[in-house]
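Rule-based calculations on the coordinates, nothing more; no lab input. As the structure is a computational prediction, the values presented were derived from the model and not from experiment. Because the Cβ atoms are built from the backbone with ideal geometry, glycine has one as well, and the counts that use them run over all protein chains shown.
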Amino acid sequence: ITDGQNHRLQLCPGAGAACTTIAGTGTQGGGNAQLNQPSLGLELAISTRTYAIADYSNSRVQLCAGAGIECSTIAGTGSMASGDTGLNHPHGVAITADGKYAIA
C-alpha cells in the first residue's frame, strides 16, 4: 500500500493485522531511504524481490529492496525536469517483460 501522506510503502497482511513499513521512513525527504508523497503507482519485481515506486513529489522512480535498506533512483533527478532524464511528478511505474520500466 502506498501511504502517500506518510511518505512510505506499507505491507499489510490482512484485516486486523498490523502493517509493516517496507520503504520510506515516514518522514518526507529526498534522501536514498526517504520518499516524498509516493503515488499509487508501484510495481513488484518478483524475481529480485524489489519494489519500483513512483516517488511523486521527488519526481523520480525509486527501486527499493525493503525496510531499512536505502533505495536507488532508477529514473528522474529528484527535481522536476523535462528531457530524456527528467520526470515531473510521476504517477505510476510498470516493469515490462524484458525488465525495462514504463513510467507514467
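Rundown of residues vs (1) of a type in the set (G, A, S); (2) at negative phi; (3) without any contact (Cβ under 8 Å) to a residue 12 or more places away in the chain, yes/no style:
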site	(1), (2), (3)
L42	no, yes, no
A52	yes, yes, no
Y56	no, yes, no
G76	yes, no, no
V93	no, yes, no
K100	no, yes, yes
Please go through region 19-55 and give me each residue that is assigned to a loop (DSSP other than H, G, I, E, B) and within 15 Å of I1 (Cα to Cα), ordered by number.
C19, T25, G26, L35, N36, Q37
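Condition check ((1) closer than 19 Å to T20 by Cβ; (2) surrounded by 21 or more Cβ atoms within 10 Å (Cβ to Cβ); (3) under 9 Å from the mean Cα position of the chain (by Cα)) across all residues:
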{"residue": "V61", "(1), (2), (3)": "no, yes, yes"}
{"residue": "I69", "(1), (2), (3)": "yes, no, no"}
{"residue": "M80", "(1), (2), (3)": "no, no, no"}
{"residue": "G86", "(1), (2), (3)": "no, no, no"}
{"residue": "P90", "(1), (2), (3)": "no, yes, no"}
